[in-house]
């Protein structure tokens, strides 16, 4: 048996235990009955950029890769159920403009070689109370942390970086918030366990403004693309000197690199272990955390109100919620873990087009 913790579990658990209790796959595993919603452009962009940075095509001429990147965006958006036709077309146009602007800017800052894209990982959580042991639930199930890394890259100093793609709809993220970003720090902590011995130097935040297509991007000059050639992955990374935080960009895009130290990563692992230990206790108390910013976006407000009033949840849950289906295995997905450790992902399967 395995008890899997995902980033969504960590976020919900710390935000509101009642929301976490209702939503987590490890608890009630409920989700609202499907209703039409907005198209997730951020996810579509991540899917497209997984193709843009696919290692096997990195040295290809970008004019050959560009149509494949745009096809990935189309597939991702069209796969989102019940999207309104007009809304879909408008968002597709929007997404394609973003990709064109990004493709003009990215070569000026891509000072790395991509090694893996959209890669799933799953690692055991060390038990801080017992050297060499891993955490288990009171029932004896292994506790594992699971997530998906947007991009793993190596720079000219042989240093490894994990890269997160972000769609920015307001202002750039505060630098302090990026330094405290729990999810990417956890990527850096977990990767050496997933790919034994490969140390991560730091995290890179690849921010794309939602209006980047309107703002445009500077076209790189001939020969401006850094010459970082394709290389294999090695467990030991090179040494890197420089500032902890470095940012560069334009009005439309920003690239921020943050180096992560050993003490920082150790603290991240200890925090994860503490959360996992608390969340799996048999005597864990479940209570809400009512606050306007939390409740306004919560999809579980109706049953929460019923519980607060001492009512019976059965009618509300049967009418408005359903059990989540098992997570589908996407055969051939870029970065999927159906291939063995320490090997590159299998090539993508491009659909035929007449």
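The values are calculated or read from the model by the stated rules, or taken from the named source; none is laboratory data. Values in this document were obtained by computation on a predicted structure and should not be read as measured data. As a convention, Cβ positions derive from the backbone with ideal geometry for all residues, glycine included, and neighbour counts pool all protein chains shown.
For segment 122-138, the criterion of being under 30 Å from residue 38 (Cβ atoms) and in contact with a helix residue (DSSP H, G or I) (Cβ under 6 Å, 6 or more places away or on another chain) is satisfied by no residue at all. For residue 63, the stated conditions do not hold, so it cannot be described as assigned to a helix (DSSP H, G or I) and crowded, with 17+ Cβ neighbours inside 10 Å.
Please indicate, with yes or no, whether at least one residue in segment 129-148 is under 23 Å from the mean Cα position of the chain (by Cα), in the same structural domain as residue 45 (by TED's automatic domain parsing) and either free of Cβ contacts under 8 Å to residues at least 40 places away in the same chain or within 19 Å of residue 49 (Cα to Cα) (or both). Checked segment 129-148: at least one residue is under 23 Å from the mean Cα position of the chain (by Cα), in the same structural domain as residue 45 (by TED's automatic domain parsing) and either free of Cβ contacts under 8 Å to residues at least 40 places away in the same chain or within 19 Å of residue 49 (Cα to Cα) (or both).
Condition check ((1) in a helix (DSSP H, G or I); (2) over 28 Å from the mean Cα position of the chain (by Cα); (3) at pLDDT below 95; (4) farther than 25 Å from residue 159 by Cβ) across all residues:
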{"site": "267", "(1), (2), (3), (4)": "yes, no, no, no"}
{"site": "271", "(1), (2), (3), (4)": "yes, no, no, no"}
{"site": "281", "(1), (2), (3), (4)": "no, no, no, yes"}
{"site": "284", "(1), (2), (3), (4)": "no, yes, no, yes"}
{"site": "293", "(1), (2), (3), (4)": "yes, no, yes, yes"}
{"site": "297", "(1), (2), (3), (4)": "no, no, yes, yes"}
{"site": "307", "(1), (2), (3), (4)": "yes, yes, yes, yes"}
{"site": "310", "(1), (2), (3), (4)": "no, yes, yes, yes"}
{"site": "326", "(1), (2), (3), (4)": "no, no, yes, yes"}
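Return yes when residue 68 is touching a strand residue (DSSP E or B) at 6+ places or on another chain (Cβ under 7 Å), part of a helix (DSSP H, G or I) and at pLDDT 90 or above and no when it is not. No; evaluated as a whole, the condition is false for this residue.
Give the residues of segment 3-41 that are part of a helix (DSSP H, G or I), in contact with a strand residue (DSSP E or B) (Cβ under 7 Å, 6 or more places away or on another chain) and buried (at least 18 other Cβ atoms within 10 Å of the Cβ), sorted by residue number. Scanning segment 3-41 gives 22, 23, 41. Considering only residues that are more than 20 Å from residue 46 (Cα to Cα), outside any helix (DSSP H, G or I) and in contact with a strand residue (DSSP E or B) (Cβ under 8 Å, 6 or more places away or on another chain), which ones fall in segment 161-194? Once the filter is applied, which keeps residues that are more than 20 Å from residue 46 (Cα to Cα), outside any helix (DSSP H, G or I) and in contact with a strand residue (DSSP E or B) (Cβ under 8 Å, 6 or more places away or on another chain), segment 161-194 yields nothing.
Beta carbons closer than 6 Å, at least 6 apart along the sequence or on distinct chains, never pair a first residue in segment 101-121 that is in contact (Cβ under 8 Å) with a residue 40 or more places away in the chain and not assigned by TED's automatic domain parsing to the domain that holds residue 205 with a second that is surrounded by fewer than 20 Cβ atoms within 10 Å (Cβ to Cβ) and in a helix (DSSP H, G or I).
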